[in-house]
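Asker: This structure is in structure tokens; I'll ask about it shortly.
The values are calculated or read from the model by the stated rules, or taken from the named source; none is laboratory data. None of these values were measured; they are calculated from a predicted model. Cβ placement follows ideal geometry from the backbone for every residue including glycine, while neighbour counts extend to all protein chains displayed. Remember, those area values only see protein heavy atoms, side chains included, never the ligands or the DNA or RNA. Shrake-Rupley method; radii C 1.70, N 1.55, O 1.52, S 1.80 Å.
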Amino acid sequence: MLISKPKLPASRLAFWVSIGGVVVGIVAGFLAGAQPLYLGLAIGAVVAVVYFFADFERAVLGLLILRSSLDVFSAQQIPAAFAIGVDALTLLYVTVQLLTHRTVHTDRFWWFFAGWVALQGLWLILLPLGGLGMDSSLLPDSLREWVRLFSWLIVYLLVMQLKDRVHPEKIILALFFGLVLPLTVALVQMIVPPKLLPSILVYGGDATASLPFEAGSRLNGTLGHPNSFATFLLLFVGLTYWKLNQANRHWFWFLLLGLIAFFLVSTKTLISLLMLATFMLVLLVPRMNLLNLVGGLILFALVIGLFASSEFGRERLSSIANTPLLNPDIDVSRAILLAQRDNNSFNWRIAQWTFLLKSWQQHPIFGYGLATSSYISIFNNYPHNDYIRALVEEGIVGLVAFIVFLGAQVTRLVQLLQSTNRGSAQHYLCLILLAVFLATLIGMCTDNVWSHTTLYFYWWTLFAVAGWNWNKLQSSSARSMPSASVSRLTTR
């Protein structure tokens, strides 16, 4: 059943149009006198707002698709400007919906999410008050991190407004267009020497990337860093596998799955192999039999073989032998010493975690503040462990809140699995999302997954649509369409 939307009375509409016209006139006059360039930007913003309201569904889908191509422009602050723009458009849209007495769609998890984001604001208050381990000079960094988290909440809210207007499967299919440019750029990075590429494609605009990738060795696409590209591709491995089990043209989705897996391995991100193994294990457990087990082992063996086929991949695998994990002759103290001399990223991580945990002991309850861990580290880098990052930046209180938030997502997906029809597209999507999420929990142990903004931009999109009533949408489509076209996706 569609939600009714009462029309706005003509008098009230005229009032708001008049107010808007006056405001626009005043602002335009001021900008024309102060700086014509700003006037041009303002006109562009007005055009964007008009289009956003005039063609809301396509505008939202376009924004979702565009996000995967922006991280290479991080140095120019394009992703940040994009996030702020999306936030402003969404809040404006919701405000208009409320003023016109129209429905604003949310769900219980969104309100829980909003409460968690609001709780993160506590550290913004404590920092300038001197209640944390850092002073107020880092407030801009903390504020930027909070806005990043707030933007995820807004993306969730924006996608929720497509409920009863766009079918979830159409939204998911639209997300696949977000793969086109990242994979195209990754292909260029693979076949063109770095010296012939623009620097923005070599370094990817990622401040954490200290060295450019080697051509044909590590790829980052448009995601700025190989690790970010790897987690992004893992999500689409899951979505492609989901579509492979739903579509009639299996060959297309099978080829796409192989292509994505190839680029995933080509990132040469070792933790992504463990994440991929976790993802496959979660999918195989509900349907465990000898055939599935053998097939999964063969597939994983092929992935490992492809990873080890290059010299860089073999070096990454062999480096594990020189860590306390596999070498009993190397303890933590020696690993820290080795981290100062060799390029073993595992020993470097051990040293990083050790120094950060020692620093945390000085401020154990509330930590140092949002986005401060790189300043605390002697290496001036992210912790490469999201649990340690939460502990150091927000103390015990923040770590508990972080784990509760992660646990709430698992609980939500399990509840959806139990409430949806087994074998349905919605049920299997929830299983895919649970597998991806558990894989990211593993990845958080040795990587900065929580900093992979693009991944979570798409994650919250999928998380929102997974909770809709797909059966209701399908039955509504069936009543409003001829029987011959029921199977086609529609936009209401």
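Asker: Counting only residues that are open to solvent by 50 Å² or more (accessible area, probe 1.4 Å), among the small types (Gly, Ala, Ser) and either in a helix (DSSP H, G or I) or in contact (Cβ under 8 Å) with a residue 12 or more places away in the chain (or both), how many does segment 123-138 have?
Answerer: 2
Asker: Let me ask something else about it. Looking at 28, 34, 45, which one is at pLDDT below 65, more than 30 Å from residue 234 (Cβ to Cβ), surrounded by 13 or more Cβ atoms within 10 Å (Cβ to Cβ) and over 24 Å from the mean Cα position of the chain (by Cα)?
Answerer: Exactly one residue qualifies, and that residue is 28.
Asker: In the list 114, 118, which residue meets the criterion of being exposed (fewer than 15 other Cβ atoms within 10 Å of the Cβ), part of a helix (DSSP H, G or I) and at pLDDT 95 or above?
Answerer: 118
Asker: What pairs come out if I take residues in segment 58-77 that are under 14 Å from residue 173 (Cα atoms) and part of a helix (DSSP H, G or I) and pair them with residues that are hydrophobic (A, V, I, L, M, F, W, C) and open to solvent by 80 Å² or more (accessible area, probe 1.4 Å) whose C-beta lies under 7 Å away, six or more apart or interchain?
Answerer: Listed pairs, sorted by first residue: 65/177.
Okay, residues lined up against (1) within 25 Å of residue 171 (Cα to Cα); (2) among the charged types (D, E, K, R); (3) surrounded by fewer than 14 Cβ atoms within 10 Å (Cβ to Cβ):
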{"site": "91", "(1), (2), (3)": "yes, no, yes"}
{"site": "140", "(1), (2), (3)": "no, no, yes"}
{"site": "145", "(1), (2), (3)": "no, yes, no"}
{"site": "149", "(1), (2), (3)": "yes, no, no"}
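Asker: So is residue 259 touching a residue at least 60 places away in the same chain (Cβ under 8 Å) and closer than 13 Å to residue 304 by Cβ or not?
Answerer: So residue 259 does not fit the description; no.
Asker: Can you name the helices (runs of 4 or more DSSP H) wholly within segment 179-279 that have at least 3 residues being modelled with pLDDT of 90 or more?
Answerer: Passing ranges, in order: 180-191, 226-244, 250-266.
Asker: Inside segment 93-111, can you point out the residues that are assigned to a helix (DSSP H, G or I), of a type in the set (A, V, I, L, M) and either open to solvent by less than 20 Å² (accessible area, probe 1.4 Å) or under 12 Å from residue 160 (Cα atoms) (or both)?
Answerer: Matches in segment 93-111: 94 only.
Asker: Being at pLDDT below 95 and of a type in the set (A, V, I, L, M) narrows it down to one residue among 408, 401, 371; which is it?
Answerer: 371
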